[in-house]
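Take a look at the structure set out below.
Just so it is clear, none of the values below were taken in a lab; they were calculated from the coordinates. This one's a predicted model, so the numbers in the text were calculated from it and none came from an experiment. Ideal geometry is used to build each Cβ from the backbone, glycine not excepted, and the neighbour counts take in all protein chains shown.
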Amino acid sequence: MKKTLILLSLVLFSLNQIYAEKIIFSANSMTGKAGDTNTSTSLSGNAYIKTSSMEIMADSVELSGEEYSKISAKGNVSGKNLETNMEFTCDLLEYDRNSKIAQLQGNVTLKDLENDVEAKAQIIEYNQDAEIAILQAGITLKQKDNVCTSSYAVYYKDEQMLELSGNAQVKQDDDTFRAQFITFNMETQAISLGGNVRGSVTDSKEVPSQEENPPEEKALEEGAEKENSEERPEPPEKPEAKEKSESEGKRD
């Protein structure tokens, strides 16, 4: 099937200026009319779409709403927010070009490339202007040596703050912190816990074995043994040996 490549120029009006935004997309096939307002346009098969702020790839994509303000993508969805440098994959994506809010559902992975943060959840809502992500269900967020899990979380990209609630847990190497609510400063690594707080911390200092003395103690013991051996007098001659020598002299 011949691949269709379409370039739409959408003219958007503001109070004091006129500007145009281009939407570029391609697919194996297309249905609908391009360019009409309030018209739905569907792309099927290797669908690709690019706006000024978003790049999206999926099995199928639908554009709808006034001036194609709403974008819906389904099946093997992947893409990137070009303004905030965030990559994502999911099963379903709904994006509003006016509010710049993206709804991602089903096996969602969101990567903050600037801060080396990876978040996984079943539902993530990302506000592009506020740079805030709201995560729900099956959450796992990784940053450096930290692994954070909870039922609900809010990630503040600019402030590098993470709020966790609902069986919240933060694991840092061998240390584990659990609570109903956790606030984690991902820049300073500071943690605040509230509600049913518990956890475990591992002391990384090496403790000498009970069977082996430290080098200092071993040297002292060796020195003490040497001094004792030098000061110890020789044992006296046994009486039996002395009597035996005297009897032998008389016999001679």
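Below is a table of values for the structure above.
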item	result
Global form of segment 116-172, assessed from the alpha-carbon gyration tensor, a/c cut-off 1.5	oblate
Relative packing of peptides 189-196, 88-95, 141-148 - highest average C-beta neighbours within 10 Å first	88-95, 141-148, 189-196
Over 24 Å between alpha carbons, listed pairs LYS22/LYS120; LYS74/LYS142; LYS22/LYS111; LYS120/LYS157; LYS80/LYS144	LYS22/LYS120; LYS74/LYS142; LYS22/LYS111
